[in-house]
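Worksheet: one structure, shown below.
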Amino acid sequence: MSPGESGPLPRRVQVLIAGGGPVGLAAAVELGGRGIGCLVVEPRAAVSTARPRCKTINVRTMEHLRRWDLADRLRERAPLPASWSQEVVFCTSLTGHELSRFTGVLGLSPEGDRFPEIGQQVPQYVLEELLREAVDGLDACELVLGSRVTAVRQGDDLVTVTVEDASGGESTVTADYVIGCDGPRSIVREQIGASYSGGEALRPNFGMVFRSPGLWSHVKHGPAVQYWVVNPSAPALVGPIDRDGTWWAIAFGVDREAGERRARDIIDGLAGRPVRADVLSTDPWTARMQIADRMRDRRVFLAGDAAHLNPPFGGHGLNTGIGDAVDLGWKLAAVLNGWGGPDLLDGYETERRPIQERIIGEATSNMRVLSTELLADNLDAGDEAGARAREAAGARIQETKKAEFHSLDLILDIHITTSPVIAFEESTAVDGDAGSPGTRLPHRFLADGGSLYDLLGPDLTLLVLDGATGKETIEDAAAALGVPLKTVELPWETGAGRGGARLLLVRPDQIVAWAGEKAPADAAALIDKVRGVRTGSLPPL
């Protein structure tokens, strides 16, 4: 049976996921890998390759793909290997003058121990096809294609979901929980009465994919993952999808009518000369900076574009949605597997919203200077005036665009400051230091070349550094409460506890939940805190 083919829908599932794009599929992988029964309902029968959409899979998402044993498989399928280029070029055209460039962009180059996986440039549809296969390979998951969720009704102990198939027939499925990953026009968001707040950009954009095998022979600036073209005829962003002549482009300030009428002229403008090209698809769009006023109603949650939208500049949208899926996935699994409590689910929006809002703000800031804002007289002139104009443009580009392409601090230096399931007060590590509660565990490569992250367990992990005392106290408390805990002992020089802590309690998403020099006086209270149970409210398993 191929992915998406199935008989009648199950009448009862643990989690129903509305929307089988990358975020919904990621949630299913996170849940299904822990044995949680999932039904993913997706209207599209096949993944469209007409539009690449997201093209940047950042290092944080690659860390999650590594946990799922999918990172290498994605790289094998990527049309452009990460080694092909780590450059972004600003130029008057692909055959014109270079204005500036950035190197080592978008996490495509290693940075010592900072992360185990570099980023990857790859069209979204490649990732989506891989995730479909991964979901299909999980016994606990079922992916149903050609159907859509049309109604969600909540009771005290379950959610009743109406699913409509391609022929208009309806089925009813009951679930313990529902995740709405059904995009900007989310039916699930509508059904729980949530709504976006925020705004839209005033200027339209026109995306397209075109094929021009001969264009590479004219490019003067060498390989790059993006070329920002700054000229009056085609202020645009363009980049290769593969090395065989397939390209994507975004023409700034161009609406649907003008874009479809002038598509060939735009291609010639960004090339800097007439070129043979075939337009394969078009995609007019306007940037939106919006976030849902709430991301949960009792047993129903929102994730990805159903919960938030941001401009694409910096490549954060899909990656933020994958982060949502990971956070919600392991927490729901902990609850459904019996060891997690209600505070875990309360922690989803508490922890994710500040991250989502920060991403929206950074992406909006990136959008303030596009090719249209960099236009100036004499940029293509061959005289002294041209040289001065290009020097001035290059200085402005370096000043205003660096953060867009070097944003690892934004995605890796996570610092959750408010959460019901992070033991801030019980910790003795210095708040805000690497390895302190609410931060991403500092990554290290081990003496054998392996990654520290590969040693972490699927649920909670207790890292024990040389000289730590009291690990048995924490282990015994977890065992008594039925909480799965893996203990990993490491030498101090790994630097995992750079905040001074010798014991670190790490969550499945690699976030430190507690850190201390020794075990706390009440280890059971600590375990209850990080598993989302108010002390004494749930019996041991």
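Observations
- All strands (runs of 3 or more DSSP E) inside the range 1-105 with 2 or more residues being modelled with pLDDT of 95 or more and assigned by TED's automatic domain parsing to the domain that holds residue 161: 12-18, 38-42
- Being basic (Lys, Arg), under 20 Å from residue 350 (Cα atoms) and modelled with pLDDT of 95 or more is a property that residue 529 has.
- Annotation note: of 18, 26, the sole residue that is hydrophobic (A, V, I, L, M, F, W, C), in contact with a strand residue (DSSP E or B) (Cβ under 8 Å, 6 or more places away or on another chain) and farther than 30 Å from residue 375 by Cα is 18.
- Test result for residue 464, part of a loop (DSSP other than H, G, I, E, B) and either touching a strand residue (DSSP E or B) at 6+ places or on another chain (Cβ under 9 Å) or at pLDDT 95 or above (or both): no
- Candidates are the residues of the range 434-456 that are in contact with a Pro (Cβ under 7 Å, 6 or more places away or on another chain) and assigned to a loop (DSSP other than H, G, I, E, B); the one that is surrounded by the fewest Cβ atoms within 10 Å (Cβ to Cβ) is 434.
- Given (1) in a helix (DSSP H, G or I); (2) surrounded by 20 or more Cβ atoms within 10 Å (Cβ to Cβ), number of the condition residue 361 does not satisfy: (2)
- Residue among 44, 101 that alone is in contact with a strand residue (DSSP E or B) (Cβ under 6 Å, 6 or more places away or on another chain) and either at negative phi or not β-branched (Val, Ile, Thr) (or both): 101
- Condition met for residue 418 (in contact with a strand residue (DSSP E or B) (Cβ under 9 Å, 6 or more places away or on another chain) and either closer than 30 Å to residue 175 by Cβ or assigned to a helix (DSSP H, G or I) (or both)): no
- Taking the range 73-108 as the range and being over 15 Å from residue 402 (Cβ atoms) and among the hydroxyl-bearing types (Ser, Thr, Tyr) as the test, the residues that pass are 83, 85, 92, 93, 95.
- In the range 510-525, the qualifying residues are those that are within 22 Å of residue 351 (Cα to Cα) and in contact with a helix residue (DSSP H, G or I) (Cβ under 7 Å, 6 or more places away or on another chain), and the one that is surrounded by the most Cβ atoms within 10 Å (Cβ to Cβ) is 514.
- When residue 130 is tested against the conditions (1) over 30 Å from residue 209 (Cβ atoms); (2) touching a residue at least 12 places away in the same chain (Cβ under 8 Å), the lone failure is (1).
- Hits in the range 214-233 - residues which are surrounded by 14 or more Cβ atoms within 10 Å (Cβ to Cβ) and either within 20 Å of residue 54 (Cβ to Cβ) or free of Cβ contacts under 8 Å to residues at least 12 places away in the same chain (or both): 224, 225, 226, 227, 228
- Test: residue in the range 284-305 that is of a type in the set (S, T, N, Q), in a strand (DSSP E or B) and more than 30 Å from residue 420 (Cα to Cα): no
- From 171, 195, 186, residue being more than 30 Å from residue 283 (Cα to Cα) and touching a residue at least 40 places away in the same chain (Cβ under 8 Å): 171
The values are calculated or read from the model by the stated rules, or taken from the named source; none is laboratory data. The structure displayed is predicted, hence computed values, not measured ones. Glycine also receives a Cβ, built like all others from the backbone with ideal geometry; neighbour counts cover every protein chain displayed.
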